[in-house]
Protein chains: 2
Amino acid sequence: MNNYRLTIQYDGSRYNGWQRLNDTDNTIEQILTDAIIKSTGEKTKLIGSGRTDAGVHALAQTANFRCRQRLDEMHFTEELNSMLPEDIRVNLTKRVPPDFHSRHSATGKYYVYRIEISEPANPFRRRYSWKPDGIPDVKLMCEAAQRMIGEHDFKAFCTDAKLMPYTVKTVYDINIHKDYSCLWNREEPGIIELEFHGSGFLYNMVRIMAGTIVDAGLGRFSPADIDAMLNGGTRSMSGQLAPARGLFLKKAEYSY
Amino acid sequence: MNNYRLTIQYDGSRYNGWQRLNDTDNTIEQILTDAIIKSTGEKTKLIGSGRTDAGVHALAQTANFRCRQRLDEMHFTEELNSMLPEDIRVNLTKRVPPDFHSRHSATGKYYVYRIEISEPANPFRRRYSWKPDGIPDVKLMCEAAQRMIGEHDFKAFCTDAKLMPYTVKTVYDINIHKDYSCLWNREEPGIIELEFHGSGFLYNMVRIMAGTIVDAGLGRFSPADIDAMLNGGTRSMSGQLAPARGLFLKKAEYSY
């Protein structure tokens, strides 16, 4: 059995997220799985590094699938792209060791959240950023972000925490860039980007962290409030849920 | 009577172009006019620098309108933006001399056409670029573009030339940038941008010039073919009509 890893880029604007659902075919996982089965003629299951919510984008999502036949990786990539809609692109197909598992093998994830601060907002960025109600202070945002780094119980930064078996996660780093895009590696005036690097993230965790950091930047939370959220706090204590359209899965990280 | 000039940015993806039409309200001119009338309480007519087709974008369209009352320019800009959809933004309102006329006073126009050459295409750019069938050679493109510069009869680069009273126009310059965006002033790998500067442009002229330059870059036309198009040629001799989504009105030019 061969094992193939895909690197996938998608504009999530018009999809119901990554994960296959019973009531709709409009998910990235479903559309990709259909294209793989059509191309290989074999039934298979696609394993993603994790879910992205409805409307969330990915610069480099990782997924893998098993297949009896040996594929020509270049040709297969082109074939998939010819079948996929324009807003989902496979950038790379790579044969990997049999034990590679997109979710279990992942050692970390990078997410980027984009905040628009131009006045008026740039209409060409509106699908890929969030314009909060006010211009947050970057220094206050950094102070709030700093407190979230490390191993904490992120119960207050999660939707439906009761359904989660374990809400302790490690955030390795949060970097904040103003007027520079860490997503596209270039200057981008009028944009603040938050880059989150962590072991893994709970349901809506990045969006609630981003919303809370922006709220702190607008003076709605003090540093002590952030500490309280991380010490046994609940969802009602933390900030707003930032909209899906500003969020990008930048990449999933693997040790090999 | 006061005269006000607006500088407007729009994502044309979901509109039927600039110009007011009888059978739809879905035009930029109509939506802006409605907002101005609602804000000032006065009937007025908005004069644009020129039309943009359905699906074409503008980085800085210019328009003006006359108004009895004296407006607070900053406040008025904010009020308009609060009424407009997110994909149309007024960047500036400025009181101008009574004889300023967006169309008649214009001395030139700048348009930018964006071509995607990444393989696979970047899904986040698909609304704002065209991926031709093949990767055009930039040197051949420049040679073709060079021949179009100057005063010529652009009948072959126009849809419905019979309806045009006069098809002679002057193209001042065509600049071609690879991996650099003259629209956003920054590096943009995988993009070729054509920047057109001219006295004025006929219906579909920029899109047919862009399509013909790309066709030349793909080896479909020789330099001599371009000359023939400009010397009494007809539409059937020139290249493809490049799609609206790659075209941006960069700015209209005024001597004051």
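Of all residues in the range B:83-93, those satisfying the criterion of being without any contact (Cβ under 8 Å) to a residue 60 or more places away in the chain and either surrounded by 17 or more Cβ atoms within 10 Å (Cβ to Cβ) or over 16 Å from A:GLU116 (Cβ atoms) (or both) are B:MET83, B:LEU84. The sole residue among B:ALA210, B:ALA161 that is within 30 Å of B:HIS104 (Cα to Cα), under 17 Å from the mean Cα position of the chain (by Cα), in the same structural domain as B:ALA144 (by TED's automatic domain parsing) and of a type in the set (Gly, Ala, Ser) is B:ALA210.
Every test in (1) buried (at least 17 other Cβ atoms within 10 Å of the Cβ); (2) more than 21 Å from the chain's Cα centre (by Cα); (3) within 14 Å of another protein chain (Cβ to nearest Cβ) is passed by B:THR40 save one, and that test is (3).
Scanning the range A:54-75 for residues that are touching a helix residue (DSSP H, G or I) at 6+ places or on another chain (Cβ under 9 Å) and in a strand (DSSP E or B) returns A:HIS57, A:ALA58, A:LEU59, A:GLN61, A:ALA63, A:PHE65, A:CYS67. B:GLY134 meets each of the listed conditions (1) under 30 Å from A:LEU6 (Cα atoms); (2) away from chain A (no Cβ under 12 Å); (3) in contact with a strand residue (DSSP E or B) (Cβ under 9 Å, 6 or more places away or on another chain); (4) surrounded by fewer than 19 Cβ atoms within 10 Å (Cβ to Cβ) apart from (3). Of all residues assigned to the range A:46-63, none qualifies as being within 12 Å of chain B (Cβ to nearest Cβ), more than 24 Å from the chain's Cα centre (by Cα) and surrounded by 19 or more Cβ atoms within 10 Å (Cβ to Cβ).
With respect to the conditions (1) in the same structural domain as B:ASP179 (by TED's automatic domain parsing); (2) in a loop (DSSP other than H, G, I, E, B), B:TYR111 lacks only one, and its number is (2).
The one condition from (1) crowded, with 16+ Cβ neighbours inside 10 Å; (2) free of Cβ contacts under 8 Å to residues at least 24 places away in the same chain; (3) under 30 Å from A:ARG127 (Cβ atoms) that B:TYR180 does not meet is (1). Yes or no: A:TYR113 more than 21 Å from A:THR234 (Cβ to Cβ), touching a strand residue (DSSP E or B) at 6+ places or on another chain (Cβ under 6 Å), surrounded by fewer than 21 Cβ atoms within 10 Å (Cβ to Cβ) and touching a residue at least 60 places away in the same chain (Cβ under 8 Å)? Judged against the criteria, A:TYR113 is not a match.
The values are calculated or read from the model by the stated rules, or taken from the named source; none is laboratory data. Predicted model only: the values in this text are computed from it and were never measured. FYI the Cβ positions are ideal-geometry reconstructions off the backbone, even for glycines, and counts take in every protein chain you see.
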